[in-house]
Amino acid sequence: MPAAARVTELLLAWNGGDDAALEALLPLVEAELRRLARGYMARERRDHTLQTTALVNEAYLRLVDAQRVSWKDRTHFLGIAARLMRRVLVDHARTRAVQKRGGDGLRVPFDEDISLSPAPDVRLLELDRALDALAAVDDRKARVVEMRFFGGMTVEEAAEALRVSGDTVKRDWRLAKLWLLRELEGHRL
Amino acid sequence: MRGETDRWHQIEELCHAALARPEMERGALLRSICPDDELRADVEALIANDARAEAFLAQPISAIAAQVMLECDSVWTGRMLNALEVGPLLGKGGMGHVYKARDTELHRDVAIKLLAPEFAHDSDRLARFAREARVLAALNHPNIAQIHGAEKCGDTTALVMELVEGETLAARIGRRPVSVNDALGIARQVADALEAAHDQGIVHRDLKPANIMVRGDRTAKVLDFGLAKAIHAAADPGPSQTSALALSAVPGGIWGTAAYMAPEQIELNAADRRVDLWAFGCVLFEMLTRRPAFSGETSSDVLVSILEHEPRWETLPATTPATIRRLLDRCLQKNPKRRLDSAAVARLEIDEALIQPGSIRVGSGDRRRRRSMWQALSWVTFGVGVAMFGLAMIAGRASLTEAPRPIVAASLFVDDLSLAQPGVHFAVAPGGRTVIFSGRHGRTLVLFRRDLDRLDPEPIAGTIGGSDLFFSDDGSSIGFEMRSELWTARLEGGTPQRVLPNLPLRGGAWGPNGTIVIGRVGSGLWAVNASGGERRQLTVPGQGERHEMPQLLPRGDAVLFTMFPLSGAPQVAIHLIETGETRRLFEGIGARFLETGHIVFGRQGKLWAVAFDPETLQTSGAAQPVRDDVVWSAPGYPQFTTGGNVLAYVRRRGASASIGKKVVVLADRKGNVQVLPLPPGNYLLPRFSPEGNRLAIQAGPARELWVYDLRHGTANRLAADRVIAYSAPAWTPDGRRIVFTTWFDGDVGLGWQSADGSGPSEPLLRGAWMRSFERTHPAVLPDGSAVIMTGLAPGATEEDLLLARLKEDRRVETLFHGPGVERNPAIAPSGRLIAYNSDESGRPEVSVRPFPDVAARRWQISNGGGAFPVWTRGGREIVYQDGQGRIRAVAVRGDDVTTFEFSKPEPLTIPLNQDCCSALDRDFDVTPAGDRFLFLRDDDDGADRPSIELALIQNWTEELKRLTPESQ
């Protein structure tokens, strides 16, 4: 079965109250992320400077069967998928970090800029923790980050999913990033 | 909590207020609106990050996923990988991380490149990668970083390479200017490396300063040879069933680094070794000027610069020798066909510049010194420029004490050369100066002439459809087949002359006194005179035998030729004209006699030589293999010939041993592909049975007919009396018999054979109306009463559609005498319409006519070119191949003059992957239901198809003498 149809089916099932459906979604999301990653690597090799954000939209087209999901539900599901992507990625990063350092939590020094390149797994775990902290202060902002960053959702999509205006999402996004930067800085000291 | 939330909202408002102002005013603003120091400090701490916020979290999630889920474990230092003790990280690349390591078994330091663990999950990709690695490991050259092999440990695959200490050329260029002399010294080594790799068919594809290491002793070593391709080959996305599609969409793939990419790489055209010559030019230019030859602010600017702009030639140092300027110009030609295609030539040019220390003197009018190595090379080729040759030998790496190596005198790219037809369709003039070949020109074949001192082949006027060409003994003229007739043409020009009509041939030879000997398809060797008139049959083949590809021995009294017997392997045979005696010599195809006293021939995938005395007609000593990189065409002919003592052959490139062989592939309309479990072979003309569950197919080189049962996976040769089908097989509507044109007792004709192989094949009709026995395209009417076919109507000069009646009085009638060449008839299941292709508009297009009243109406189904119509879906659809080689489908309705209607042609996603341009032979088929497609694909793992390379080898007679000393 095409991944989109399967994912949509599970999302609908989960929406209808079937909690097991969410667990069943994880491997599909994981497969999709792997595909994205491979696609990214393939393009990356060809040209290191070209940005490939378009890939994420591709992923959503594949993940969710647009014909069976109404526009309103669609953004809702995108939000869920964003959360699932976050969870899969963070799980991976955690496993790798543990493997690498025998679970002692030894920190790898960061590069100057806040990119995820030097020790991506550790940085991703840091980001995950910081996002949790942000959620404790302002849940909506954390969700905006989740949707925009992990889910590749547009401002409009996030606004739709959160039932706020696009301007609000933009303001949230900007401030959330400032907050996270400060939070991650703080860890660095 | 409430208080905290409020405080946070306050902070938020203050932040937004501050952020709305220019950065310089923010502090003042905050101080004025926020008296609370603590609160203000919080706000300031947040907005302090504003400058970095833009780039923060801007990475696409796919990049994160790639890092977290795919990236090779980056902390390997200190661990063991089999016998390798991993040392410090040396660098990171797109393909993996590179570490220094100690091989504790061989006690040497190596570099290892760790590949992403995802490789390990796909055994297919890993196997392909391992195979590529083995090929690369065979590449052993002082200027190439050696690949030692691949190690696998758990999920990790490591490529083990020679450790090269030193700095990259990129770093070297960045550090301080490179003198012209140093630049040439490095470039010369790089050219040498490229030459060695290209000789092995390995293309770098990602040559750049960062991939060239320069050691302290100025030795240059090229890194990562062929890795771009190896990784590419191993990294096709998704499961294998989609790879054919993916590959057909990306013939060359972009795998280089933008600034050093050749235009054809950017445009995703097939890339061959000429991309390395381009990159070589870029690297040399950069060494000399310290600036990339093509650059720009963004990568798209770089690409535009590569595609459209010239390098800034004026930035070259004034001391750059003229030969080097010329070399750069040749390397940086945007059209690969105009680009220098030989690293050897680049090396020679550099050598010439290097041994002229007074390079500034260049341009002083010393004509001898100004002569380009291009000319010098052609002098070497023709054995005239002895002085220049000595120069090349001294400057080159060959030393005088070494045994003379055969010199690839020239290596041409003849992309249009026809390899799909039986036989060999190129010839070299005695002396090797001119090559003539039959190649594609648009959708037809034409003869091309390529002189070695000119870049582009030129079509020869008046030779459309020409093939099976051969030179006269003095090299002034050629003979060839055109429209199944024997023609001659003078090389100086003039209108080609028809020698004899109705003489389809497979190879010919033109001896002294104007005697031409040809292998006449279906009836042995014939001798004719170049001025026409008399013709005489020399050999009468036995039942089912074919006599092809004759060559006259020097005295003109004996003919060397290839005999394809009824059973068993092809034989090299000799016919004595005086006595009429014919002797079989030994197994082999395409034998050519060389004046050194050797016969060169193909046998079992290789080229062999054996000493042969033309007086006694005896061989001596054992045959020795002399070349194993000769391509065998799909119909089973080794692609080589000789001209004087020059050997010319189509060179197999890369490591695949099965180039030229085909696999039979089934595809559905979704593009799902399944390779049938038939061994790779020289298959031709597959045709589904009426039920779509069996297929008839020709298998070369003997052109036997096989029937493969798709349900049971069994293949049966129709063996009763060794069917040799010249035409495509056509099933009778009841699926019990297969109709084809073949050979009967010295004549050709239409016959049939039971599809289960029982009983003999029976002749149905014989006749001279068959001009080209191989392209009769028979189609049986639904009631089995007649066969529609392509043929020559009485008095016609071009093919028309004929009707062969099988009932009562068997006879052939002209069905339709059209203004162009009509071919490939297909009858609708109703029997009331026929589809065919005709070139009356100038190019082949598919048309439909009512049947039998063909004159009543014509509907043109295709536009933009089309051929090979097939009726499917019970006559509700016609499938054909369009001018670009794609499969298209047209829905049709109605079955007579008044009711017939058809839709616009729609392309289907069938990954058909074949030469599309001949409009002669349909090498695909569709089930009557229209659900499954059958076609042939090169058995090369879908590797991208390089240009066809024709290698001309000059002094290889020395090698022959060494290999087969009995001749001395």
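Computed from the coordinates by the stated procedures, all read-outs in this text should not be read as laboratory data. Small disclaimer: the values here were computed from a predicted structure and weren't measured. Every residue, glycine as well, gets a Cβ built from its backbone with ideal geometry; the counts of neighbours run over all protein chains shown.
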Where a ≥ b ≥ c are root eigenvalues of the Cα gyration tensor, a/c under 1.5 meaning rounded, otherwise prolate if a/b exceeds b/c and oblate otherwise, region B:545-641 counts as oblate
For B:Asp783 and B:Asp557 in the same chain, what is the full-extension length gain: residue separation times 0.36 nm, less their Cα-Cα distance, in nm?
76.0 nm
I need the calculated FRET efficiency for the pair B:Asn863 and B:Leu307, taking r as the beta carbon distance and R₀ as 41 Å, to the nearest 0.05.
0.85
Here are some pairs, B:Lys662/B:Lys961; B:Lys807/B:Lys904; B:Lys337/B:Lys606; B:Lys100/B:Lys337; B:Lys113/B:Lys662; B:Lys221/B:Lys337; which of them have Cα atoms lying more than 32 Å apart in this structure?
B:Lys662/B:Lys961; B:Lys807/B:Lys904; B:Lys100/B:Lys337; B:Lys113/B:Lys662
Which FRET efficiency, nearest 0.05, do A:Thr95 and B:Ala138 yield, Cβ-Cβ r, R0 56 Å?
0.90
Work out the FRET efficiency for B:Ala856 and B:Asp668 from their Cβ-Cβ distance, taking R0 = 35 Å, and round it to the nearest 0.05.
0.45
Expressed in nm to one decimal, what extension gain is obtained for the pair B:Arg291 and B:Asn335 from 0.36 nm per residue of sequence separation less their Cα-Cα distance?
13.6 nm
Under a point spin-label approximation (7 Å from Cα along Cα-to-Cβ), what is the B:Thr219-B:Glu808 distance to one decimal in nm?
8.8 nm
Subtract the Cα-Cα distance of B:Glu105 and B:Asp896 from 0.36 nm times their separation in residues, and report this length gain in nm to one decimal.
276.7 nm
Please list the radius of gyration and Dmax for region B:662-938, considering alpha-carbon atoms only, with Å as the unit.
17.3, 48
